[in-house]
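Chemist: Got a structure for you, questions after.
The values are calculated or read from the model by the stated rules, or taken from the named source; none is laboratory data. Because the structure is predicted, anything quoted here is derived from the model rather than measured. No Cβ is skipped: glycine too gets one built from the backbone with ideal geometry, and neighbour counts run over all protein chains shown. For the accessible areas, the whole protein counts, side chains as well, though only heavy atoms, and no ligand, DNA or RNA atoms are used. Shrake-Rupley method; radii C 1.70, N 1.55, O 1.52, S 1.80 Å.
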Amino acid sequence: MTEAYQVVSVVENPTIKIEVLEYQNLGGNDNFAVAEKLFFAQKSNIKLRQVRITLNNSSLTAEAGALQFMKGNITLKSLGGNGAKGFLKGIASSVLTNESAIKPQYQGSGVIYLEPSFKHYMIVELNNEEIIADKGLFYCCESSVSVSVQAVKNISSALAGGEGLFQTKVSGTGFCLFEIPVPEDELVEFELHNETVQVDGNFTLFRLGNIDFTVEKSTKSIFGSMASGEGLLQTFRGTGKVIIAPTLPVYEKLGYLLNPSPVQTK
């Protein structure tokens, strides 16, 4: 039987293998509306992707609801903290980061398939490091890696910068996978050495290392900022890496034009 997909990204070590599958052709459908959308996706080169994880006496932590099916000697338990206090903490974290409060952990040996999606994926290997991710990007990781909440130091920066008060921190050693809104080859990575990157917009996805995040005026005077048309800039300063998605605003604008919000009438 011919495989309907290609493996477009893969990482592995002796205990875990993470693959991103990309389906090359979507079959027909008797429902005209569905068939029309599939045809449009095909002509637009939009691919359906799926994450496959192979465990070898190891464990994986994933977002709740991500599982589609699994095969093998794998047990499942929920990670929601210890007792009521841990559960409430998890609920608070989920609200703050757009991610689930209870994260399932899969343990054992076998194969796990996560839900297919038209989104894109990025695999990161951490070596006793941490990565700060924009809200809602975390998808799964080796259980040797921990997932927690990172508070933005400056409240005014958080509110003005559009990032909110909290982001997702993934730290430790191992593989982690993020669901990203644009193709990985459209990301731009800046490596900073006691330097600064300033971004006009909310399309910075990740930062690694000793990077401080603030929001600053584009000029010394607020009136000068208004005159320049730039206003406030997300500012990343320090030593480490900043990963941005320059094409994200274009996708968001296109999505709005294709699906505008309905006009509200009294």
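Chemist: In the set ALA84, ALA101, which member is open to solvent by less than 70 Å² (accessible area, probe 1.4 Å) and either within 24 Å of THR173 (Cβ to Cβ) or at pLDDT below 95 (or both)?
Modeler: Testing whether each residue is open to solvent by less than 70 Å² (accessible area, probe 1.4 Å) and either within 24 Å of THR173 (Cβ to Cβ) or at pLDDT below 95 (or both) leaves just ALA101.
Chemist: Condition test on GLY108, is it touching a Ser or Thr at 6+ places or on another chain (Cβ under 8 Å), modelled with pLDDT of 60 or more and surrounded by 12 or more Cβ atoms within 10 Å (Cβ to Cβ)?
Modeler: yes
Chemist: Within region 187-203, take every residue that is modelled with pLDDT under 95 and under 17 Å from the mean Cα position of the chain (by Cα) and give me the one that is surrounded by the most Cβ atoms within 10 Å (Cβ to Cβ).
Modeler: PHE203
Chemist: Please work out if ILE155 is modelled with pLDDT under 95 and either under 28 Å from LEU232 (Cα atoms) or open to solvent by less than 40 Å² (accessible area, probe 1.4 Å) (or both).
Modeler: Judged against the criteria, ILE155 is a match.
Chemist: Of all the residues that make up region 2-39, how many are open to solvent by 80 Å² or more (accessible area, probe 1.4 Å) and modelled with pLDDT of 60 or more?
Modeler: 6
Chemist: Answer yes if at least one residue in region 68-76 is open to solvent by less than 40 Å² (accessible area, probe 1.4 Å), over 22 Å from the mean Cα position of the chain (by Cα), under 30 Å from SER146 (Cβ atoms) and modelled with pLDDT of 95 or more, and no otherwise.
Modeler: Checked against the condition, which is being open to solvent by less than 40 Å² (accessible area, probe 1.4 Å), over 22 Å from the mean Cα position of the chain (by Cα), under 30 Å from SER146 (Cβ atoms) and modelled with pLDDT of 95 or more, region 68-76 yields at least one hit.
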